[in-house]
1. Could you give the angle, 0 to 90 degrees to the nearest 10, between helix A:302-314's Cα long axis and the longest principal axis of the Cα atoms of chain A?
2. List the residues, sorted by chain then number, that are 5 or more residues from A:L179 or on another chain and whose placed amide H is less than 5 Å from its amide H.
3. Along Cα→Cβ at 7 Å, what distances in nm separate the B:S79 label point from those on the other copies, shortest first?
4. May I ask you to report, in nm to one decimal and beginning with the shortest, the distances from A:A251 to the same position in the other copies, taking label points 7 Å along Cα-to-Cβ?
5. Top mean-square fluctuation among A:L74, A:L153, A:L229, Gaussian network model of chain A, C-alpha springs under 10 Å?
6. Can you tell me the FRET efficiency between A:D66 and A:S94 if r is taken as the Cβ-Cβ distance and R0 is 30 Å, rounded to the nearest 0.05?
7. Given points 7 Å out from each Cα along the Cα-Cβ axis, report the B:R297 to B:A155 separation in nanometres with one decimal.
8. Which is the longest run of chain A containing none of the trypsin sites (Lys or Arg not before Pro) found in DSSP loop states (not H, G, I, E, B) with at most 10 other C-beta atoms within 10 Å?
Protein chains: 2
Amino acid sequence: MQEPSAPVPLPSTALSRIRLRHLTCFVAIAEERTLAGAATRLRLSQPAVSKTLAELELVAGRRLVDRGRAGASLTEDGSRFLRHALEVTRAMESASQALTRESAPGIAPLRIGALPTVAGGLLPRALVRLHRARPHAWVQVLSASNPELVAALTAGRIECAIGRMAEPGAMRGISFELLYTESLAVVARPQHPLATGPDRPVPASALLDYPLVVPGPGTAPRLQADAFLQSVGADAPTRCTETASLTLARAVTLLSDAVWITSRHASQLDVDRGLLAPLDVAVPQSAEPVGVLRRTRTPLSDLAEEVVDLIRAAA
Amino acid sequence: MQEPSAPVPLPSTALSRIRLRHLTCFVAIAEERTLAGAATRLRLSQPAVSKTLAELELVAGRRLVDRGRAGASLTEDGSRFLRHALEVTRAMESASQALTRESAPGIAPLRIGALPTVAGGLLPRALVRLHRARPHAWVQVLSASNPELVAALTAGRIECAIGRMAEPGAMRGISFELLYTESLAVVARPQHPLATGPDRPVPASALLDYPLVVPGPGTAPRLQADAFLQSVGADAPTRCTETASLTLARAVTLLSDAVWITSRHASQLDVDRGLLAPLDVAVPQSAEPVGVLRRTRTPLSDLAEEVVDLIRAAA
DNA sequence: CCACTTGCATAACGTCAGGTTATGCAAGAG
DNA sequence: CTCTTGCATAACCTGACGTTATGCAAGTGG
C-alpha cells in the first residue's frame with residue numbers, strides 16, 4: 001500500500017521526536033523552578049521529568065535549563081523557547097476545551113457590527129459563505145455609523161465590528177486591524193446622459209448639472225465627497241439629497257438622473273449587476289481605511305473568529 | 001513521595017486522553033479528505049488513523065467527521081474544531097523549529113521605533129528588564145516623530161514601533177494596538193515658586209508669568225499644549241522655548257524657572273527622582289492613545305514579541 | 001569538619017499506548 | 001452481479017515512557 005518511493009510532503013522532516021510531553025514538562029519546570037516540583041505537579045516521578053528534559057535538550061542541542069542546588073532556572077535559550085512551549089500548551093488547552101465543551105450551535109447569537117457600506121458590500125459575501133459552511137449559525141448584524149459601532153463595541157453589545165478608526169479617546173482598549181481602504185465612487189443609472197462608458201471621461205464639473213445624492217453628514221465618505229466637491233468648485237451642496245440610508249440613496253439614483261457619490265463598495269453589487277453605471281470621473285483616490293475593530297482584552301468567540309477570517313478572505 | 005491526598009492544580013482535569021497525535025491525525029484527515037490519504041501522509045496504516053479518529057470522537061462525544069464512500073468530510077462540529085487543532089499543530093511546528101534552529105542570539109539586531117516620550121519613559125524600563133533577562137540581546141531604537149516611525153515601519157527599517165495612530169492613508173497594512181493614553185503634565189524644578197506641593201492648586205494663568213518650554217511644533221503633545229494654553233487665554237506662545245528634544249527641554253527646566261509642558265511619561269522619571277516637581281495645574285485630561293504599531297502581514301521576531309510583552313507589562 | 005538535607009542523574013525494569021497485518025463490510029460503478 | 005474504494009474491527013507485537021532504587025554533588029547547621 002505504502003510506496004516508500006513516494007516523497008509525501010511531511011509537515012517537517014525534523015519533527016525529530018518532540019512530543020507534547022516534552023513541552024508540558026518543560027513548562028512545568030519553568031514554572032515550578034524545580035524538577036521535583038514539576039514532577040509532582042505532573043503526577044510523575046522526578047526521574048521521568050529529568051529524562052524528558054534531557055531528551056528535549058538532546059534534540060535542541062543545547063542546555064535549556066540550568067540545574068543547580070537551588071533548583072532549576074531557564075537559560076537564555078530556555079526562556080526564549082518557553083514562549084513557544086507556552087503557546088503550544090495554551091493552544092492545546094483551548095482545543096481540548098473546545099472539544100469537550102457542549103456544542104451549542106446557535107444557542108447564543110454572534111453579534112457583529114458593520115458600517116452601512118460594509119453591510120452592503122463585503123459583509124454579505126462573507127455571511128453567505130458562513131451560512132454555506134455553517135447552516136445553524138445565528139448572526140445578528142448591527143449596521144450603524146462608526147461612532148455608534150465603537151460605542152456598541154466598548155459597551156459589549158457586539159463582539160467585533162467592521163469599521164474605521166475612531167477618535168483617539170474612543171479607542172481605549174480597542175484594537176484595529178486594517179482590511180482594505182475604501183475610496184469614492186460616482187455612479188448613476190445606466191441610462192444617465194453621463195454614463196458614456198469607460199472611453200470618454202466625464203469632467204467633474206458636469207456632475208453639478210444633475211441632482212446629487214451624498215452620504216449623511218458627518219460620515220467619512222461624506223467628508224471625502226465634500227472635499228471632492230469643493231475641489232471642483234461646488235462648495236455648498238445644493239440640489240442635494242443627503243442621507244445615511246443606502247437603500248434610499250440607491251432608489252433615488254435608480255429612479256432618476258441623480259448622481260450618487262458614495263463608497264465604491266456600497267455600489268459594487270449594483271454595478272456588477274448592470275443596475276448602476278460608474279461615471280468616469282477623476283475622483284481623488286483618498287483612501288479611508290476600514291478594518292476590524294475588537295476589544296483588545298476579550299478574545300473572540302469561535303464563530304466571530306471564523307467570520308473575521310471570511311471577511312479577511314473576501315477583502 | 002507523592003501523597004495522593006494532595007490536590008495538585010492540574011492544568012485541566014479533563015485533559016482526558018487527548019494527545020497531539022489525535023490533532024495531527026485530525027488535521028491530516030481534514031486536509032486529505034480521506035482516512036487512507038491521511039494515513040499515508042502521516043506514514044501510518046489506515047487502521048491506525050481510523051482508531052485515532054475514533055478515540056478523538058469518543059472524548060468529543062460526537063462525530064467530527066462524516067465517513068462515506070466518497071471519503072471523509074468534516075461535520076459542522078468538526079470544522080469548528082479544526083481551527084483549534086490547526087492552532088496547536090502550527091504552534092507545535094513553530095516551537096520545534098525554534099528549538100532546532102541554531103540559536104543566533106544577537107547576530108541580527110532588533111530594530112524598534114519609539115516616540116521620544118516613550119523612549120524616555122516606558123521603553124527604558126522595558127529594555128532594562130529585557131537586558132536583565134537576555135544579556136546578549138542587541139536592540140536598536142529609533143526615536144523619532146510619529147510620521148517618521150510610520151514611514152520607517154512601512155519601509156521595513158524597523159520591526160515595530162511604539163507610537164500613535166497616523167493619518168488613515170499612512171496606516172495601510174499597519175495594525176495598531178492601544179497600550180495606554182498619554183496625558184499632559186506641567187512640571188518645573190522643585191525650587192520653583194509655583195511648586196507648592198499638592199495642597200495648593202496653581203491657577204493656570206499663573207504659568208504665563210514664567211518662561212514656557214513646549215514640545216516641537218506639529219507633534220501630538222504640542223497640539224494638546226496649544227489647546228490648553230488657548231483655553232487659558234494665551235493664544236500665541238510667547239516667551240516660549242519649543243523643541244522636539246526632551247534633553248534640551250529638561251535641561252532648560254532644571255536650570256531655570258521655566259515651566260515645562262510635556263507628556264506625563266516624559267517627565268515621570270525625574271518627578272519620581274525629585275528632580276522635577278509636577279505643578280498642580282488643572283490640565284485637560286485629553287488622552288492621546290499610544291500603542292504598538294506593526295505590519296499586519298509580517299510576524300514579529302521572537303525578541304520583538306518579547307519586548308512588546310514587556311512593554312505591555314510596563315504599561 | 002562531619003552528618004544531614006536538597007535536588008538532579010543514572011540504572012534496571014515493567015506495561016500499556018499505539019502501532020502493525022489481516023480481514024470484514026458497505027456502497028457505488030460498470 | 002461483480003469489482004473497486006474506503007472505513008471498521010480483531011488480534012497481536014514492540015518500544016516509549018513510566019516506575020523504583022540508588023548514586024552524587026553541594027550547601028548547611030551543630
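1. It works out to around 50 degrees.
2. The list, which skips near neighbours in sequence, is A:V290, A:G291, A:V292.
3. Those label-point separations list as 4.4 nm.
4. 7.0
5. A:L74
6. Details: r = 31 Å, r/R0 = 1.03.
The calculated FRET efficiency here is 0.45.
7. Between B:R297 and B:A155, the label points sit 1.8 nm apart.
8. Numbers: sites that count: A:R69, A:R297.
That gives A:70-296 as the longest site-free run.
None of the figures in this text is laboratory data; all of them are computed from the coordinates on show. Small disclaimer: the values here were computed from a predicted structure and weren't measured. As a convention, Cβ positions derive from the backbone with ideal geometry for all residues, glycine included, and neighbour counts pool all protein chains shown.
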